[in-house]
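Read through the structure below, which is laid out as structure tokens, and then see the notes.
The values are calculated or read from the model by the stated rules, or taken from the named source; none is laboratory data. No experiment lies behind these values; they were computed from the predicted model shown. Cβ placement follows ideal geometry from the backbone for every residue including glycine, while neighbour counts extend to all protein chains displayed.
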Amino acid sequence: MNRRLPISILCAVLLWGGAVWFQKTASTIRGAETKGFYYMLPGPYLRLVALEYKDAVADFLWIKAIHFISDQGDKDYGWFYIALDRITDLDPKFSYAYNTGAITLSVLSDNVEWSNALLKKGLKNEPEKWDIPYLLGFNYLYHLKDPLQAACYMKIASTKKNSPPHLASLAASLYQKGGHRDLALLVLIQMYQNTHDETLKEGIRQRIEKLRREGADAGH
């Protein structure tokens with residue numbers, strides 16, 4: 001994704017203001033209301049309004065999304081998902097929006113449906129990336145308790161360029177064992193090690209501790 005000069009960000013803000021002005025209705029998606037921010041035009045209309053500044057508008061929205069993650073107040077994850085969907089409409093190759101957004105939705109909000117929708121969009125737009133099917137595999141393993149579907153996505157991830165060498169054996173283990181707690185714990189630990197945002201790291205750490213406690217209780 002090509003980054004623009006600050007003047008482009010200014011243009012993006014102005015364009016966004018125009019988009020809001022043209023917005024006729026303040027509809028909600030799945031009952032989620034915006035948190036002190038504007039309702040967003042559907043992707044095709046937003047692309048039309050953004051003209052040649054699509055990357056700059058995507059950057060502007062991404063800045064708002066990053067602030068959302070670090071905000072300690074009440075969070076409207078409905079707005080967050082819509083923002084990520086619009087960002088990736090404007091810039092289908094925006095990798096951070098797919099992986100960081102998907103982890104935020106699944107780990108911090110427990111909304112695996114939105115997380116999977118975003119990841120499947122990423123799988124279509126960035127088929128060369130290994131981390132997108134990997135995160136889909138995690139969602140199916142940890143949240144949806146579907147180890148066979150998780151194995152399918154882990155296997156896809158293992159075929160991508162620069163994927164970690166252990167993914168093929170992880171997929172095989174899922175097929176053979178049906179997905180045990182230890183495998184979910186392994187994936188969470190790897191996610192923790194590869195995540196840099198402190199809010200996300202804390203959410204993942206809590207999931208790791210929860211799985212470890214469950215394992216200790218099961219051992220008694």
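Just a yes or no: is a residue in region 78-93 closer than 17 Å to Glu126 by Cβ, of a type outside the set (A, V, I, L, M, F, W, C) and touching a residue at least 60 places away in the same chain (Cβ under 8 Å)?
Yes, the conditions are met somewhere in region 78-93.
In this structure, is Ser163 more than 16 Å from the chain's Cα centre (by Cα), at pLDDT below 95 and part of a helix (DSSP H, G or I)?
For Ser163, the condition - more than 16 Å from the chain's Cα centre (by Cα), at pLDDT below 95 and part of a helix (DSSP H, G or I) - is not met.
Taking region 98-117, which residues are assigned to a helix (DSSP H, G or I) and either surrounded by fewer than 18 Cβ atoms within 10 Å (Cβ to Cβ) or of a type in the set (A, V, I, L, M, F, W, C) (or both)?
Scanning region 98-117 gives Ala102, Ile103, Leu105, Val107, Leu108, Val112, Glu113, Trp114, Ala117.
Please work out if Ile87 is modelled with pLDDT of 95 or more, over 15 Å from Asp197 (Cβ atoms) and crowded, with 24+ Cβ neighbours inside 10 Å.
no
On the basis of being in a helix (DSSP H, G or I) and either among the acidic types (Asp, Glu) or without any contact (Cβ under 8 Å) to a residue 40 or more places away in the chain (or both), does Lys120 make the cut?
yes
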